[in-house]
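For reference, the structure discussed in these notes is given below.
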């Protein structure tokens with residue numbers, strides 16, 4: 001019986017993953033960047049209530065890292081604004097240009113990844129860097145539709161000051177989970193975007209997405225613990241549409 | 001019912017495989033995918049699963065687990081971190097196998113059959129069919145000369161890059177991180193023991209080791225150092241790691257005890273042990289009786305022995321990535337230890353209770369032929385003696401019997417446990433002179449949750465007490481021989497003289 005339920009579970013996973021693949025596949029049909037003449041913007045604030053961040057116990061290099069580090073899952077402002085939420089539009093095939101030349105770096109600082117959540121465009125060079133005097137490694141996984149993780153690359157950062165840039169890390173779109181095998185409490189998330197409409201909320205929980213072509217769009221709102229939600233929004237030329245969302 | 005459900009899924013799997021075959025078939029060219037599939041189903045699927053997910057019927061008994069081909073993640077490759085292996089990479093691992101894992105060498109299948117397997121395995125992951133996902137191998141230059149200087153520089157590279165944090169300061173796989181390391185699938189994984197090069201999964205040549213530093217081992221915590229340690233230093237590191245190990249394990253079958261004067265020491269650092277030859281015995285999982293250990297943590301013990309007129313001392317040493325003294329352990333029992341029970345490390349020495357009889361059954365003896373078991377428990381740091389007449393009939397030895405003393409030390413990834421036991425006398429003589437006494441070993445790793453029947457075992461080997469004053473004995477024999485020769489020559493001479501006299 002167990003065998004059957006596993007098989008059926010796998011079948012369900014397969015169906016689910018096919019559905020998700022179809023969803024993702026639609027916008028993947030290549031994004032075209034250019035001038036946006038009739039654009040507006042989407043602004044908003046993501047909030048949460050009753051959530052507190054947790055700490056993670058440090059099991060190695062305590063003398064440098066300290067006894068514990070914040071998990072950074074819930075960095076909440078006084079009025080409930082939630083940091084590190086990714087707000088994005090998936091289904092869009094043209095709009096403002098993508099900047100692939102920017103600086104996209106995840107640093108290892110005080111035994112945490114900095115930043116904890118970021119957006120980087122597909123095809124850009126991703127850099128990893130060790131600012132600590134202890135050994136780190138940056139192990140990237142692409143989160144699959146069934147939420148399993150697929151190995152992308154595992155780079156050693158054994159000494160302070162080591163910095164490595166790789167295009168390969170951003171070769172495929174989707175959500176990357178970054179781990180350090182030496183410090184299993186370390187965690188970062190990178191959204192590898194196929195279009196420039198993906199933002200990370202700031203310390204007040206706010207985001208501002210500029211130059212969005214006028215029309216109807218679906219915002220996808222993702223948080224590492226709270227999961228993914230969608231909100232429909234209509235953008236009018238020259239105006240700012242407001243999307244406030246509470247998890 | 002089960003069969004029906006399985007059949008239903010089988011069609012989907014078949015479709016998926018067929019779809020993959022068409023694409024890869026084009027890329028693979030001459031390879032015969034149908035032949036590859038037939039061979040795979042016959043030889044590989046037991047471990048790797050019919051759909052390549054690493055979930056064959058034998059998979060749960062294997063550690064490391066069989067590769068999940070659908071993951072596209074392969075440990076041993078010539079390509080950079082996270083990339084698919086090349087066709088020759090896959091062919092090579094099939095040919096060579098992976099030492100100290102369940103993966104044997106399949107070189108006898110021949111090149112053509114292996115090429116078919118390589119093509120078929122690639123149908124399990126769609127990335128193989130995508131030319132953009134196939135990248136060139138890294139360059140592995142021919143190794144520069146290994147010198148004392150390169151080894152010393154390599155030691156510095158080892159220290160600067162903190163290799164010991166996983167692999168241990170002495171390279172025994174006992175680094176601080178070792179007990180916490182996981183595979184991508186969330187299964188605990190042990191860092192390589194660099195003092196046992198023959199266990200390296202990807203091979204033990206200097207080029208193999210260079211490749212591992214350069215490309216990392218995908219699916220494990222071992223990262224790529226291609227961008228953080230330059231080529232020259234990577235070769236130096238290779239040479240240092242190479243220098244930490246003998247070429248071969250050189251497993252033996254007899255531990256030869258050396259005679260010593262005076263009392264025997266429980267200190268593994270005692271000078272008397274340094275003069276005794278060391279014999280390494282392979283350890284395997286106990287898989288016969290219930291409570292089996294299919295993949296034990298310990299793969300060998302090294303044993304030295306010394307003796308005097310009254311006692312014999314054994315120094316048993318082995319590597320474990322962590323030394324556990326907390327808690328307790330037990331030599332037998334089929335049930336797993338309770339999950340919340342702290343398990344200490346342990347080691348046992350087994351000898352026949354009676355000298356000269358039939359060799360007892362190796363799993364703690366049999367009803368007719370019992371064994372004595374000296375069970376050292378790290379938690380108590382002492383030995384208990386058991387009398388065994390079978391795996392389910394092992395009991396503390398009756399009171400009033402011989403006392404076995406034992407002490408253990410764990411340092412830098414290595415346990416060293418000394419047993420001192422009375423040799424006995426008369427009928428109770430346990431270890432007589434100049435006799436091959438059967439001896440066997442068991443080891444339990446607390447970290448690996450080994451307890452009772454779940455343990456590493458050796459086969460029966462032998463303990464032999466080298467005769468004392470070996471030099472004197474040979475001298476005496478030589479003198480006797482010489483004396484006999486002189487006497488014979490004198491006889492011959494006298495006979496010749498008398499014959500000569502007779503003729504004159």
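Rule-based calculations on the coordinates, nothing more; no lab input. Everything numeric here is computed off the predicted structure, so don't read it as measured data. We place every Cβ from the backbone using ideal geometry, glycine too, and count neighbours over all the protein chains shown.
Determine, for A:105, B:195, A:201, the number of other Cβ atoms within 10 Å of each Cβ, and report the residues in order from fewest to most. Before the final figure, lay out each step's value.
On the way: A:105 16, B:195 19, A:201 25.
The fewest-first ordering by Cβ neighbours comes to A:105, B:195, A:201.
Helix A:2-25 sits at what angle to the longest principal axis of chain A, using alpha carbons and giving 0 to 90 degrees rounded to 10?
Around 50 degrees separate the two axes.
What's the exposure ranking of B:47, A:111, B:163, going from fewest to most Cβ atoms within 10 Å? Don't jump to the answer; show the numbers that get you there.
Details: B:47 19, A:111 22, B:163 25.
Taking fewest neighbouring Cβ atoms as first place, the list is B:47, A:111, B:163.
With 10 Å bins from zero, work out the P(r) of chain A over every alpha carbon pair and list the percent per bin.
7, 28, 33, 23, 8, 1, 0
Which whole number gives the average, over all residues in B:217-226, of C-beta atoms from other chains lying within 10 Å of the residue C-beta?
Numbers: counts 1, 4, 2, 4, 8, 4, 14, 6, 5, 3.
Going residue by residue through B:217-226 and averaging, the value is 5.
Could you give me D for the stretch A:115-247, from Stokes-Einstein at 10 °C and 1.306 mPa s, where the hydrodynamic radius is the Kirkwood radius over C-alpha pairs? Units µm² s⁻¹, please.
The Stokes-Einstein estimate is 96 µm²/s.
When the Cα atoms of the protein assembly as shown are enclosed in a convex hull and the volume is divided per residue, what value in Å³ results?
Details: hull volume 185.9 nm³, N = 751.
It is 248 Å³ per residue.
How big is the Cα convex hull of the stretch B:195-254 in projection, averaged over all directions, in nm²?
Average of the hull's projected areas for the stretch B:195-254 equals 4.7 nm².
Taking chain B as the reference, fit the longest principal axis to its C-alpha atoms, fit the long axis of helix B:231-243 to the helix C-alpha atoms, and give the angle between the two in degrees, 0 to 90, nearest 10.
It works out to around 30 degrees.
Angle check, please: helix B:87-96 long axis (alpha carbons) against the longest principal axis of chain B (alpha carbons), in degrees 0 to 90, nearest 10.
Approximately 20 degrees, to the nearest ten.
If the convex hull of the alpha-carbon atoms of the stretch B:148-243 is projected onto planes in all directions, what is the mean projected area in square nanometres?
Numbers: hull surface 22.3 nm².
Answer in nm², one decimal: 5.6.
Between the stretch B:247-317 and the stretch B:90-161, what is the separation of their alpha carbon centroids in Å?
Between the Cα centre of the stretch B:247-317 and that of the stretch B:90-161, the gap is 35 Å.
Over chain B, what number does the Rg to Rh ratio reach, with both radii from the alpha-carbon atoms and Rh per Kirkwood?
On the way: Rg = 28.9 Å, Rh = 26.3 Å.
Value, to two decimals: 1.10.
To the nearest whole number, what is the average tally of beta carbon atoms from other chains within 10 Å of the beta carbons of peptide A:176-184? Could the numbers behind the result be given before it?
On the way: counts 0, 0, 0, 3, 2, 11, 10, 2, 5.
Average neighbour count from other chains, rounded to a whole number: 4.
If the elastic network links every pair of Cα atoms under 10 Å, which of A:212, A:178, A:58 fluctuates the most in the Gaussian network model of chain A?
Highest fluctuation among the options: A:58.
According to the Cα gyration tensor, what semi-axes, each the square root of 5 times an eigenvalue, does the equivalent ellipsoid of the stretch B:13-133 have, listed from largest to smallest in whole Å?
Each semi-axis is √(5λ); the values are 20, 16, 15 Å.
Helix-only estimate, please: 222 nm mean residue ellipticity of chain B, summing -39500 (n - 2.57) across DSSP H runs of length 4 or more and dividing by its residues, to the nearest 500.
-9000 deg cm²/dmol
Taking each residue of B:173-186 in turn, how many C-beta atoms of other protein chains fall within 10 Å of its C-beta, and what is the average?
Taking all residues of B:173-186 together, the mean is 3.
Which of B:69, A:245, A:64, A:140 comes first, and how do the rest follow, when ranked by fewest Cβ neighbours within 10 Å?
A:64, A:245, B:69, A:140
Grab the DSSP H runs of chain A that are 4 residues or longer, score each as -39,500 (n - 2.57), total them, divide by all residues and round the 222 nm result to the nearest 500 deg cm²/dmol.
Values: 2 runs with 28 residues, N = 247.
Result for chain A: -3500 deg cm²/dmol, rounded to the nearest 500.
Roughly speaking, what is the centre-to-centre gap between the stretch B:371-425 and the stretch A:222-247 when only Cα atoms are used, to the nearest Å?
Centre-to-centre (Cα) distance: 69 Å.
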